[in-house]
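Each value in this text was obtained by applying a stated rule to the coordinates, not by laboratory testing. Keep in mind it's a predicted model, so treat the numbers as computed, not measured. Here the Cβ positions follow ideal geometry from the backbone for every residue, glycine too, while neighbour counts run over all protein chains shown.
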Amino acid sequence: MILILGLFSSVFAAIYHYDRKQRFSGWLAIAYASGLAAFLVDVNRSLFDTALVDMIAKAFFWGFSIALVAGVFSRHEAKVSSALIWVVVGLGSIALFWFGWIEPNIVWRSISSSITAGVILTIALPLLWQKRKGVLHHTFFVLFALLCATYFLRPLIVYGLLGAIHTPESYGSSIYAALLYGSSVLCGLTCGVTMIIMAGSDIIRKHQLASTIDPLTGIMNRRGLEKFVSTKIDTSDTTNNTTNTSIIMVDLDRFKGINDDFGHDVGDQVLKRTASIISTITSQLGIVARIGGEEFAIVLNVSDEADSIVVAQHLRLSLAAIEYAEIGCNRKVTGSFGVAMIGNGESFRAATHRADLALYQAKAAGRNCVREAQPSTTNGLIKPITHAADLTAGNVRELSDNCIPFPKRNAG
C-alpha cells in the first residue's frame, strides 16, 4: 500500500514538473500523497490518542478525495463547486467530532468518514459522464464510479450485512480495516494506472497539436495544412469532385520594410493581427495557415469561383483598412492575393501551384490586388479581376478590429 501510493504520487509529481500546465497531474500527486499520509497515520494509531489520530487520518483521507475531484475538474477545464465540498466536509467534521468526543463510537466515526469521502467523490461523476469519449474515458468513468461505490458499500457490508463490531484496540485486525486497505489498493492501483495513461495521452496530444500550430499567430502552420489536406481533401493526390474547394494564397506587401524600419516586434504584431483578421472572416468558410514568413494559405469550401473572389477582395480591403499605431497612419499594410479553384481530377498541390502563380502576377501588377488563376485546362493561367466580383471599398461597410462584416456582392 505504501509503495503504491508513494509511487503514484511521485509519478504524477514528475509529470507535473515536466509540464506545469498539467494541473491535473499536480492535483493527483497531492491526492496520492494525502492517501499515503492517511494510511501511515491510520496504521500507527495505537501509538497515539486513538480519537485524535482517527480524526487526523480521516482528514488526510478526505484530502485524497478532494484532490482527486479537483484533478478531474482541472483536466476537463471545469470549475468545481468549492462551496459544495466545504458543506460536505463541514457536515462530516461535525459527525466526526460528535462520535469522537461527545459520544465516542468508532463504528459511527468510520461510517460518517466513509460516506463523507464518497459524497465528495460523487461530485465528479456527472462531469465524467458528460465527458465520456473513447474507451479510455469510459474505463475511467467505470473505475471512478466503483471507487465511489466502495465508500458507501464498505460500511454497509461490514456493519450491516456482517454485523461486525470492533473496538479502537481491535481496529487494525478488523474486517473493516482489511476491506478498507484491500479496496484502497485495488481502486488506487487501477485508477492510478488509468490516470497515468490519460496524462500521457494528454502530453502526446499536446505535442502533436503544437507541431501543427504556428506559435506566433496561433493558426495552423505548413505541417498543419498538409495534415488537413491529407485527411480532408487530398488523400490520393488526385482529388475528384472538389469543385467547391478553393485556395487563396496571401502575401503581405513590402513586409520586410516593416521589419527593417520598425523592428521584428512590430512585424510580429502585424502578423498576429493579419492572422486574426483572416481567421475572423473565413472562420465559417474554411481554414487558414501561415506557411511562410508573411505568407498565408486559405482553403475555402465555397459554392463557386465568384465566391472565392468575394472573400479574397474582402480580405484585401480589410487588411488595408487596419491602422497600426506603431508604423503611423500614413503607412498601410496591404496584401496580394492569388486565387485558384480546384478542378475535377486536379490535385491540391497542382491547384496550390496555380494559386502561387496568380499571387506572383498580383505582385507584378502593383501589389494590393487579387488575381485569379484560370482552370488548368485553359490556355491562360492568370486573369485580372474585372467582373462584378471585383469589389471596391464602397462595397464593404465600415470595418472594426474585432468584428469585420462580410461584404455584399453587387448585382449583375
_In the stretch 48-90, the chymotrypsin sites (Phe, Trp or Tyr not before Pro) that fall in loop regions by DSSP, at most 16 other Cβ within 10 Å_ = Phe48
*asked:* Output wanted: per-residue J couplings in Hz (rounded whole) for the stretch 343-350, from phi through Karplus 6.51 cos²θ - 1.76 cosθ + 1.60, θ = phi - 60°, x for Gly and Pro.
replied: x, 4, x, 9, 6, 4, 4, 5
*Among Lys256/Lys332; Lys21/Lys79; Lys232/Lys272; Lys272/Lys332; Lys332/Lys363; Lys79/Lys131, which pairs are too far apart, with a Cα-Cα distance over 19 Å?*
Lys232/Lys272
_Between Leu52 and Ala145, what's the calculated FRET efficiency when r is the beta-carbon distance and R0 is 45 Å? Round to 0.05._
0.85
*With the calculation restricted to Cα positions, what are the radius of gyration and Dmax of the stretch 306-371 in angstrom?*
14.1, 47
*For the stretch 2-210, what does the equivalent ellipsoid look like in terms of its semi-axes, each the square root of 5 times an eigenvalue of the Cα gyration tensor, given largest first in whole Å?*
31, 17, 16
